[in-house]
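Everything below concerns the one structure shown next.
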Amino acid sequence: MARLLAASSTKLCSLLLLAITLFLAAMVNQSEAGIFDEIELIWGASRTFFFMDGDSEALALSLDQNQGSCFRSREKYLYVQIDVEIKLIDGDSAGTVCTIYTISEGPWEIHDEIDLEFLGNTTGEPYTLHTNIFANGVGGREQQFRLWFDPTADYHTYSIVWNPKHILILVDGKAIRDFKNNEDQGVGFPTWQAMRTFGSLWSAEDWATQGGRVKTDWTQAPFVSYYRNYNVTWCRPSPGVAWCGDEHKDSTHFDLDQKTLSDLQWVRDNSIIYDYCHDNVRFNATTIPKECTLQ
């Protein structure tokens with residue numbers, strides 16, 4: 001009971017503090033600032049550098065055997081689309097993890113999080129895109145994908161779309177994952193905790209590549225990944241609705257269109273390599289997470 005009361009109090013305070021921010025954000029559809037203005041470095045600053053990549057401000061994150069690097073957004077967001085272009089480490093990147101994710105700053109026990117983690121490879125082997133979603137402190141919702149292109153050869157756009165009905169993960173505009181809001185069925189969904197965006201490059205050779213069987217070749221260091229064109233588009237509600245959090249539960253405004261549904265089916269047929277909902281070792285008929293029967 002104490003935990004529930006504390007969570008409710010935290011929720012109320014968070015919503016009040018966000019009210020002005022959300023009102024102002026509704027006046028501006030999309031952030032036009034460059035990546036230098038939008039983010040701040042929080043560790044490994046000596047291993048990072050900003051540079052101009054064509055007409056775009058870009059950021060290089062670097063990893064060696066001593067330390068990786070990480071940035072976060074200066075702002076916090078509630079219902080938003082995050083887009084960023086990333087070019088991953090070329091060559092032998094085994095044991096490395098490059099990320100873009102959002103996470104709330106509240107107590108860990110009730111935190112929200114949306115993860116995209118690119119697990120490094122040995123030369124010639126494909127990257128794995130590992131995704132996970134936490135809501136009210138509950139995670140374990142992993143899905144993994146093989147991308148249909150070489151993510152090291154050029155930049156590709158990775159997106160997190162978060163609105164009151166769905167969390168969508170997109171790659172170059174193609175939806176690869178959908179997590180629906182089923183709070184009315186007892187499944188947690190991020191609805192009230194603002195999140196920041198983070199990007200990082202770090203070592204996870206104990207698990208990242210083939211379950212940790214392939215270790216990092218540190219003679220290849222420093223490893224470098226590149227980020228550019230970080231854009232933030234605030235959620236837009238239906239006409240006459242003040243902000244997305246006020247959208248009526250029966251509104252069809254955020255329903256998925258046919259292209260999105262078709263993209264999700266294509267990915268299920270061609271790209272997904274792991275889905276926690278189909279892991280018969282972890283779960284059986286009585287322990288499978290409830291959302292797996294509702295998605």
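General remarks:
- The set of residues from the range 49-68 being among the charged types (D, E, K, R) and modelled with pLDDT under 95 comprises 53, 55, 57.
- Within the range 117-134, considering residues that are in contact with a strand residue (DSSP E or B) (Cβ under 8 Å, 6 or more places away or on another chain) and in a loop (DSSP other than H, G, I, E, B), the one nearest to residue 201 (Cα to Cα): 120
- Taking each residue of the range 129-150 that is farther than 22 Å from residue 90 by Cβ and modelled with pLDDT of 95 or more and looking for partners that are part of a loop (DSSP other than H, G, I, E, B) and among the basic types (Lys, Arg) with beta-carbon atoms closer than 8 Å, six or more apart or interchain, yields 132/141; 133/141; 134/141.
- Qualifying residue in the range 54-65 (condition: assigned to a loop (DSSP other than H, G, I, E, B), crowded, with 20+ Cβ neighbours inside 10 Å and not β-branched (Val, Ile, Thr)): no
- Candidate set: the range 240-260, residues that are within 23 Å of the chain's Cα centre (by Cα) and surrounded by 13 or more Cβ atoms within 10 Å (Cβ to Cβ); chosen: the one farthest from residue 191 (Cα to Cα): 260
Results for (1) at pLDDT 95 or above; (2) out of contact with any strand residue (DSSP E or B) (no Cβ under 7 Å at 6 or more places or on another chain); (3) not in a strand (DSSP E or B), shown as yes or no for each residue.
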| position | (1), (2), (3) |
| --- | --- |
| 10 | no, yes, yes |
| 23 | no, yes, yes |
| 41 | yes, no, no |
| 70 | yes, no, no |
| 75 | yes, yes, yes |
| 101 | yes, no, no |
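- Strands (runs of 3 or more DSSP E) wholly inside the range 151-233 that include at least 1 residues being within 16 Å of residue 89 (Cβ to Cβ) and touching an Asp or Glu at 6+ places or on another chain (Cβ under 6 Å): 156-162
- Residue pairs whose Cβ atoms lie under 9 Å apart, separated by 6 or more positions or on different chains, with the first residue in the range 81-108 and touching a residue at least 12 places away in the same chain (Cβ under 8 Å) and the second surrounded by 23 or more Cβ atoms within 10 Å (Cβ to Cβ) and acidic (Asp, Glu), are 102/112; 103/112; 104/112; 106/112.
- Residues in the range 241-295 that are touching a Pro at 6+ places or on another chain (Cβ under 9 Å) and in a loop (DSSP other than H, G, I, E, B): 7 in all.
- For the range 111-150, taking the residues that are in contact with a His (Cβ under 8 Å, 6 or more places away or on another chain) and over 30 Å from residue 164 (Cβ atoms), the one that is surrounded by the fewest Cβ atoms within 10 Å (Cβ to Cβ) is identified as 149.
- Of all the residues in the range 78-97, those that are among the polar types (S, T, N, Q) and surrounded by fewer than 22 Cβ atoms within 10 Å (Cβ to Cβ) number 1.
- Top-ranked residue of the range 205-225 - restricted to ones that are of a type in the set (A, V, I, L, M) and at pLDDT 95 or above, ranked as surrounded by the most Cβ atoms within 10 Å (Cβ to Cβ): 224
- Checking residue 228 against (1) basic (Lys, Arg); (2) surrounded by fewer than 17 Cβ atoms within 10 Å (Cβ to Cβ); (3) at pLDDT 95 or above, the condition it does not meet: (2)
- Of the criteria (1) more than 22 Å from the chain's Cα centre (by Cα); (2) crowded, with 21+ Cβ neighbours inside 10 Å, which one residue 197 fails: (1)
The values are calculated or read from the model by the stated rules, or taken from the named source; none is laboratory data. Since the structure is predicted, the reported quantities are computational estimates derived from the model, not experimental observations. All Cβ positions, even for glycine, are placed from backbone atoms using ideal geometry, and neighbour counts span all protein chains on display.
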